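Heads up: the structure comes next, in structure tokens.
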């Protein structure tokens, strides 16, 4: 074999950081050793994997085409090493989740996963759909759990479970007295909604098709709790996943509203890079998620 796993590690770390010094630090190597490993790899095959602009290294087209296969090969090598270590066949998996899923579903799945696989580790990143998709695309995450719909050639999007958005207001809001809201009332409302790029906002915009340009969007916030607090303060009405509102409805701090003329259903999805190696840890994680789908 004319390359080493260490050379591939340096290649992938450099692709991630776009800087050899940072890549070396992440691998606990000296900068000169990392540079030498990358140079040896390129010279061995008479290729160039990066375009160099000062201290920044950007993957060229050849580097971009080889990166997914190198990522898959390194994932298999890590899994083999874990299996040989006599400690745990499942090592670390890196999971990304959107805010609703991360705050209301992922933690219980993490607990079940770590109970099933003693010694395993799960790192959880919580961001909006666009950010999670970007991290999966760049191999920074093994799997993403998202609320928004995606169509990307490099990503496999797998339906997971159903969800429903719910409208809500404070008990003192004028709409609290109505059993159902008409389209005219939806247009009269001051809205407090999630930011663009989030799955919740995507589903809200779809549900409001035909009305969206005329809606009065008073606030766009990144966090569900901030939206709930703003609605409790009677700054407007909101729209979030039913998962996030159960406790507030039970204690009466928020009131559910209904607008049956609109479709508030949506799905949650798994996303994985199509060329990502599906380790035993990833397969086990997906299986546990399916068990928690109701």
Screening 40, 51 for residues that are touching a strand residue (DSSP E or B) at 6+ places or on another chain (Cβ under 7 Å), outside the structural domain of residue 273 (by TED's automatic domain parsing) and not in a loop (DSSP other than H, G, I, E, B) leaves only 51
Looking at (1) surrounded by 17 or more Cβ atoms within 10 Å (Cβ to Cβ); (2) under 28 Å from residue 154 (Cα atoms), can you tell me which one residue 35 breaks? (2)
Mind listing whichever residues of region 262-281 are closer than 27 Å to residue 222 by Cα and not in a strand (DSSP E or B)? 262, 263, 264
Under the condition of being out of contact with any strand residue (DSSP E or B) (no Cβ under 8 Å at 6 or more places or on another chain) and crowded, with 18+ Cβ neighbours inside 10 Å, which residue from region 90-127 is modelled with the highest pLDDT? 109
Do we have any residue at all in region 177-190 that's farther than 24 Å from residue 162 by Cα, touching a residue at least 12 places away in the same chain (Cβ under 8 Å) and in contact with a strand residue (DSSP E or B) (Cβ under 7 Å, 6 or more places away or on another chain)? yes
Filtered residues of region 223-232 (kept if in contact (Cβ under 8 Å) with a residue 12 or more places away in the chain and exposed (fewer than 14 other Cβ atoms within 10 Å of the Cβ)): 223
Would you be able to say whether some residue in region 12-27 is over 28 Å from the mean Cα position of the chain (by Cα), surrounded by fewer than 16 Cβ atoms within 10 Å (Cβ to Cβ) and in a loop (DSSP other than H, G, I, E, B)? no
Has region 42-57 got any residue that is under 19 Å from residue 75 (Cα atoms) and surrounded by 14 or more Cβ atoms within 10 Å (Cβ to Cβ)? no
Unique match (being at pLDDT 90 or above and in contact with a helix residue (DSSP H, G or I) (Cβ under 9 Å, 6 or more places away or on another chain)) among 13, 77: 13
In region 233-247, which residues are touching a helix residue (DSSP H, G or I) at 6+ places or on another chain (Cβ under 8 Å) and either on the phi > 0 side of the Ramachandran plot or surrounded by fewer than 19 Cβ atoms within 10 Å (Cβ to Cβ) (or both)? 236, 243
Given the conditions (1) within 18 Å of residue 165 (Cβ to Cβ); (2) touching a strand residue (DSSP E or B) at 6+ places or on another chain (Cβ under 9 Å); (3) part of a helix (DSSP H, G or I), every one holds for residue 284 apart from (1)
Going by the structure shown, is residue 270 closer than 30 Å to residue 66 by Cα and modelled with pLDDT of 95 or more? yes
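The values are calculated or read from the model by the stated rules, or taken from the named source; none is laboratory data. Since this is a predicted model, take the numbers as computed values, not measurements. Cβ: placed from backbone, ideal geometry, glycine included. Neighbour counts: every protein chain shown.
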